[in-house]
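Reviewing the structure listed below.
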Amino acid sequence: DAAREWWRTAVIYQVYPRSFADADGDGIGDIPGITSKLDHFVDLGVDAIWLSPFYRSPQADAGYDVADYREVDPLFGTNDDFEALLAGAHERGLKVIADLVPNHTSDEHAWFQAALAAGPGSPERARYLFREGQGEHGELPPNNWKSIFGGPAWTRVSERAAAATDGITDGQWYLHMFDTRQPDLDWNHPEVRSEFEDILRFWLDRGVDGFRIDVAHGMVKAPGLPDWDGEVAMVEGSSEAPGPEDSHEAADDGSTGAGNSGPMFDQEGVHDIYRAWHKVLAPYEGDRALVAEAWVEPLSRLARYVRSDEMHQAFNFSYLTTAWDAAALRGVVTASLEASDAVGAPTTWVLSNHDVVRHASRMGLTGAAVRPNGIGKTDPQPDAELGLRRARAATLQMLGLPGSAYVYQGEELGLPEHTDLDDDLRQDPAWWRSGYTEAGRDGCRVPLPWVADAPGYGFGPTGKTWLPQPDTYKECAADVQRTTEGSTYSMYKAALATRRAKDLGLGSLGWVEDFAGSASVLAFVNNDVLVLTNFGESPIALPAGAQVLITSGPLTTVGEQTAVPQDTTVWVQA
Ligand code: TEU
């Protein structure tokens, strides 16, 4: 039954391995640490876990710079450890999704090292995007593209030599849309294509249930690599109610400004790759799945990545970047469902991940547009109480929607962003490559608190943590959250159980118009659950006798009736 393919309705939990749980005591999370916590996922009630990259890597971009796609980094364990994790997950009925990074390799990948050594014009260089520079002596980059982390997207081999140990000094330049240590592959090269199909099979053979495809919209570049004057940046978002001029108000097509255009993104050629990958997965039993990480807008354009012979899902970042506003959210939900229905794919919902400010803090920012690349010391600080209240309301809304949803580790604990990291502890290359204008993404990557009264909040056996945890983590620790009535964790757990019992993932959404005559309410029915969010100041009375299934926060009363206060979502038996 195609409608029952697991990924259509799955709630997928993102594990960021270096910060999830540490088994060996070095202060960095690892695969045995994840295996030791598998019951956390079962207790919470998710269907699958997605692991950010654990492959051998110099960690110049926290593992999104892969040196060997078939080997677990010793930092995280061994391939046997991974197989044990997979077996433990499968025993518990959990699916496991790996993260594949095909746009670029690490500069320590054997192919890139060979390309440097072999020199200009060699077949080894043809797997990457090496070009001659412009100017009389080739001293200017081949085009004007900027790296997403800041600075030029080109590095000259001769300039690299000073910093690197390879000692190669010719004058060619290579393209890197991210860090200088993440050279972009040339996806027109047949060896690149066949190598990645082999890598997919390598992990599929071991039992991996699917892949999250990093920068899925960026792998193919426009022929000739033409100049481009537009912006390339990590996505912009806003937590503010949109004004008429605000580009983040969802347009009818769901656009919120989350998209990317330009000759390095969303080129027609990427779809051939995904059609080929679809065929690689098809013969494997168990409905293996591909999910596109593609910051593409409008949603109708994103939907092209999940046509029936391409990927199975794509992250819907438009929902994440939509302002906290009833009309804007209704617009983006409608557009998301329309776009995915048109291609027969499930839509997905995402509020947080390892690249954006945690939604418990992002939603507590008022007054300034939210930059996803972290909150710096001089930035306006979030209102923690407001942020958590809205984050819980947003999550309860998200989990009531049909389709598949993603949860980022720690959000089930109500974890805030760490907004006060010392500059010299920050490790994200986006921090220094941006010329220190972006705070970097470290604040959402801090090691998880498991035990309130243990050193390092029980992250590992020694109390060491690769980034310091703020004091506010104490009340977020898993042991406290699990046993506290009304905690964020209890809300997630109740919502996931009810979502499953009532089959909301496969449900269909009907808007309830004009609930209580208020324009500040967003209300819809999915199967037999009414999901209602109140964005306005006045509490919204529920009909007499309404049976509240779950609430994101304390309810109030209006006269005799139970009422929903501002920034609160309830699920009511319809
Ligand atoms: O992020 C991809 C990413 O940053 C882009 O999709 C970007 O927002 C867009 O293309 C440009 O506007 C992924 C990982 O999630 C991130 O952690 C890595 O740093 C990055 O790829 C490089 O691998």
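Any read-out appearing in this document is the output of simple, stated calculations on the displayed coordinates, not a laboratory observation. Remember, predicted model here, so these are calculated numbers, not experimental data. Cβ sites come from the backbone with ideal geometry, for glycine too, and all protein chains shown count toward neighbours.
Annotations for the structure displayed:
- Helix 488-501 vs. the chain, principal-axis angle (Cα, 0 to 90°, nearest 10): 80 degrees
- All alpha carbon pair distances within the chain were sorted into 10 Å bins beginning at 0; the resulting P(r) in whole percents reads 3, 18, 29, 28, 16, 5, 1, 0, 0.
- As a proxy for reagent exposure, ranking PHE535, PHE459 by other Cβ atoms within 10 Å from fewest up yields PHE535, PHE459.
- Relative contact order, percent, region 110-175 [alpha-carbon distance under 8 Å, six or more residues apart]: 31 percent
- Stokes-Einstein diffusion of region 508-573 at 10 °C, 1.306 mPa s viscosity, Kirkwood radius from Cα pairs, rounded to a whole number: 136 µm²/s.
- FRET efficiency, 1/(1 + (r/R0)^6) with R0 30 Å, evaluated for TYR284 and ALA222 via beta carbons: 0.35
- Contour minus Cα-Cα distance for ASN144 and LYS474 (0.36 nm per residue): 114.1 nm
- Part-to-part distance (alpha-carbon centres) for region 483-514 and region 521-574, which is given in Å: 13 Å
- Amide hydrogen proximity for GLY259: with H placed 1.01 Å from N in the peptide plane, the residues at 5 or more positions away or on another chain lying under 5 Å are GLU297.
- Cross-link reach is defined here as a Cα-Cα straight distance under 28 Å, omitting same-chain residues fewer than 8 places apart; for LYS95 the lysines meeting it are LYS37, LYS279, LYS493, LYS502.
- For ILE49, the residues 5 or more places off, or on other chains, whose built amide H falls under 5 Å of its own are TYR13, LYS95, VAL96, ILE97.
- When GLU385, GLU475 are arranged by Cβ crowding within 10 Å, least crowded first, meaning fewest neighbours, the order is GLU385, GLU475.
- Taking only the alpha carbons of region 76-213, we obtain Rg and Dmax values of 18.2, 63 Å in that order.
- Cβ-defined net charge surrounding ASP253, 10 Å radius [Lys, Arg +1; Asp, Glu -1]: -2
- Cross-link reach list, lysines versus LYS146, counting only Cα pairs under 22 Å and skipping chain neighbours closer than eight places: LYS221
- DSSP-defined antiparallel bridges as percent of all bridges, the chain, nearest 5: 60 percent
- Backbone phi angles across region 64-74, fed through the Karplus curve with coefficients 6.51, -1.76 and 1.60 (θ = phi - 60°), yield HN-Hα couplings of 7, 10, 9, 9, 8, 6, 10, 10, 6, 5, x Hz in residue order; Gly and Pro are listed as x.
- In this structure, the amide hydrogen of LYS146, modeled 1.01 Å from its nitrogen in the peptide plane, lies closer than 5 angstrom to those of ALA153, counting only residues at least 5 positions away or on a different chain.
- Table column - 3J(HN,Hα) (Hz), region 179-189, Karplus curve with 6.51, -1.76, 1.60, x for Gly and Pro: 6, 4, 8, 10, x, 6, 7, 9, 6, 7, 8
- Taking other C-beta atoms within 10 angstrom as a stand-in for reagent exposure, HIS40, HIS359, HIS271, HIS176 fall in the order HIS271, HIS40, HIS176, HIS359, fewest first.
- Relative contact order for the chain, counting Cα pairs under 8 Å that sit 6 or more residues apart, in percent: 13 percent
- Note, ³J(HN,Hα) from phi for region 340-357, Karplus 6.51, -1.76, 1.60, rounded to Hz, x at Gly and Pro: 6, 4, 4, 10, x, 10, x, 7, 10, 9, 9, 10, 8, 7, 6, 10, 10, 4
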